[in-house]
Amino acid sequence: MTALLPRRGLAQILALIVILAVDRVVSPQFFDLRLQDGRLFGSLIDVLNRGTPVALLSLGMVLVIATRGIDLSVGAVMAISGAIAASLADNHSLAVVLAAALGAGLICGLWNGFLVAVLGMQPIVATLILMVAGRGIAQLITEGRIVTFSSPDLVWLGNGSILGVPVPVAIALGMLMLTGAVVRGSALGLLIEATGGNARASELAGVGTRAMILAVYVWCGVCAALAGVIAAADIMGADANNAGLWLELDAILAVVIGGTSLFGGRFSLVLAVLGALIIQTMNTGILLSGYPPEFNLLVKAMVVLAVLLLQSPKLSGFAGIVTRLRGTKA
Amino acid sequence: MILKALFAASATAALLLALPANAAELTIGFSQIGSESGWRAAETSVSKQEATKRKVNLKIADAQQKQENQIKAIRSFIAQNVDAIFLAPVVSTGWDSVLKEAKEAKIPVVLLDRDIDPSGKELYLTAVTSDSVHEGEVAGDWLAKTVGAKACNIVELQGTVGASVAANRKKGFDTAIAKHANLKVVRSQTGDFTRAKGKEVMESFIKAEGGGKSICAVYAHNDDMMVGAIQAMKEAGLKPGKEILTVSIDAVPDIFKAMAAGEANATVELTPNMAGPALDAIAAFKGKGTVPPKWIQTESKLYTAADDPQKIYDSKKGLGY
């Protein structure tokens, strides 16, 4: 665990605590928890539950960004997998539904990885293709309408609970541990960081950079597909026009808040997920506050700015100089 | 007196006979926006039905949400010398030159569902649209009537911030409940017109209002957000439709499903039948030269559990919503 949570996580943890405190002020019952139909119920649970899709996206996105890439297509992949899951749900078993939806995510990831790793396209352009086309594919699957389903198995994925914990939260936690174990339990994480740090040098040193890049896009696609299935299960329907819309930006933001540089290299899975939670804690707080909705985006922007300023190396250097000056004066 | 009645009856009969004969020759081009939403798909299929009913040859061009495609379609309709053009404009400006071409070719243009920039008023025959302020009023009036004199805290799920429909539906509702001091909107947030956001926002409303016990009614600017909100209420152990009243707008099939299950109370229809009144106006204009009013307002009909929601669901679900 210490390997997963480096010392540099301090700024993020501090930010989360401050935002939680603000939420407690705007909504006194923020930390209240009770059981409702065998499921924990409260604003904190909402934060975890609603934060799940972006947390899952950020798990894939952080690896892609670590290789100096970016994946703009994750929102569209969510729409595709949700559409597939919803269309199959009522006539097939959960295993088939999950296999089809996650398989679609895997293919989407392979496509992105092929464009970037094999054809050498710039990631932002390569994934933009699927970002645009993917939503179209999802709309073709749903024929432009909201496909609803009533399969209790799939609904459980979105609304069920395990020992009181919502299933989506449990899934996200499981995925974090799985990804952490694979990436940090082996040299894989190091090789991904090497690829992002300097692809040419890594290749000369014998790192299979092409395979690394392909693998991270595939994983990103699978994570996005899982997020899409959960989002569809949550509303018991697939809304191809809106599912995952703009969530790629939230996922990138979560990764950046988590301290991973867009220029690749060092990354942290836990901090990326923490970034997703920071975003959702803020969103839920805004909803609870009762401010007019016109303020939502403004508040969000200011908080994000503050969190990023906290992490800015220049600014912390500046703060250091100020304290040192004060020290010499005194 | 009897003679008069007979005369009126024969005139009506003549009109009825004359109409299909006239209409049979009509060819109308319809430049549709594209498949942006389920409602749009339903509008397209209802337009086809209405045209078939009147034996009109309706040519539909799908613009895939692009104005240049709509302009191309209109030019091709003019080249084919159709009898009339229906246009569901994707944006409100930039139509002047192509509509002038239609006017010069003496082809009447009818706008469906959306209006264009006021400067182009003389360039089209009439516009068939719904009044979204009125929709909000109908919703507010129903709630005021149903609640009666008891105090009622309302939570509102707004549409996308900045969308004119959202602003209008809010305005109409606020006007309607302003007359009743016992009705108060205690919380209002945007749910972006989607189920997922409607559910998320409702979850937070429930927490902020002491577990939802103090909420008496939910007003949503569209049915999709309400469907999400209903799920949130059920998951919180509340009984939507019984403990908490619901009223929303659009009348999509799934809200009737909820209504049939006793989980929703009322919806105001945004009718997908814009082509029906437009076809009638064109038939009258072509046949007898009757110039229709500049704006034909469609009915904003209120549906409640008393209207056999299951039957309406069955009739609506095939329309492509």
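Under the rule of at least 5 residues apart or a separate chain, name every residue whose amide H is placed under 5 Å from the amide H of residue B:296.
Amide H neighbours of residue B:296: B:127, B:128, B:129.
Once amide H atoms are placed 1.01 Å from N in the peptide plane, what residues at a sequence separation of 5 or more from residue A:147, or on another chain, have their amide H within under 5 Å of its amide H?
Those lying under 5 Å, H to H, from residue A:147 are A:238, A:240.
Quick one: if you stick a label point 7 Å off each Cα along the C-beta vector at residue A:182 and residue A:13, how many nm between them?
In this crude label model, residue A:182 to residue A:13 measures out at 2.8 nm.
Specify the angular offset, from 0 to 90 degrees and rounded to the nearest 10, of the alpha carbon long axis of helix B:38-53 from the longest principal axis of the alpha carbons in chain B.
Approximately 40 degrees, to the nearest 10.
What ranking do A:32, A:46 get, fewest neighbouring Cβ atoms within 10 angstrom at the top?
Listing A:32, A:46 from fewest to most nearby Cβ atoms yields A:32, A:46.
Segment B:182-225 to segment A:112-151: how many Å between their Cα centroids?
A separation of 32 Å, based on Cα centres.
So, with +1 on the Cβ of K and R and -1 on the Cβ of D and E, and no other charges, what is the size of the charge dipole of chain A about its Cα centre, to the nearest 20 debye?
1400
Can you put A:305, A:271, A:59 in order, fewest other beta carbons within 10 Å first? The partial results should precede the final answer.
Values: A:305 10, A:271 26, A:59 30.
Listed from fewest to most nearby Cβ atoms, that is A:305, A:271, A:59.
Would you kindly enumerate the cysteines in the protein assembly as shown that have no other Cys beta-carbon under 4.7 Å from their beta-carbon?
Cys with no partner Cβ under 4.7 Å: A:108, A:220, A:223.
Pop the C-beta distance of residue B:48 and residue A:309 into the FRET formula with R0 = 51 Å and round what comes out to the nearest 0.05. Write down the numbers at each step before the final one.
Working: r = 57 Å, r/R0 = 1.12.
Working from the Cβ atoms, E equals 0.35.
Report, by chain and number, residues whose modeled amide H sits under 5 Å from the one on residue B:244, excluding near sequence neighbours (fewer than 5 apart, same chain).
B:239
Using Cβ counts within 10 Å as a stand-in for footprinting exposure, how do A:81, A:261, B:315 rank, fewest first?
B:315, A:261, A:81
Any idea what the relative contact order of chain B is, in percent, if you count C-alpha pairs under 8 Å spaced at least 6 apart?
17
Any idea how far apart residue B:80 and residue A:37 come out in nm if each label point goes 7 Å out from Cα toward Cβ?
Label at residue B:80, label at residue A:37, 5.1 nm between them.
Using the beta-carbon distance between residue A:110 and residue A:162 and R0 = 41 Å, what value does 1/(1 + (r/R0)^6) give for FRET efficiency, to the nearest 0.05?
0.85
Just name one of A:246, A:47, A:14: the one whose Cα is farthest towards the positive end of the charge dipole of chain A (beta-carbon charges, Lys/Arg +1, Asp/Glu -1).
Checked the options; the winner is A:14.
From the phi angles alone, apply the Karplus equation (6.51, -1.76, 1.60; θ = phi - 60°) to segment A:259-264 and give each ³J(HN,Hα) in whole Hz, x where the residue is Gly or Pro.
x, 7, 7, 5, 8, x
None of the figures in this text is laboratory data; all of them are computed from the coordinates on show. As the structure is a prediction and not an experimental result, all values here were calculated from the model. With ideal geometry, Cβ positions are generated from the backbone for all residues, glycine too; neighbour counts draw on all protein chains shown.
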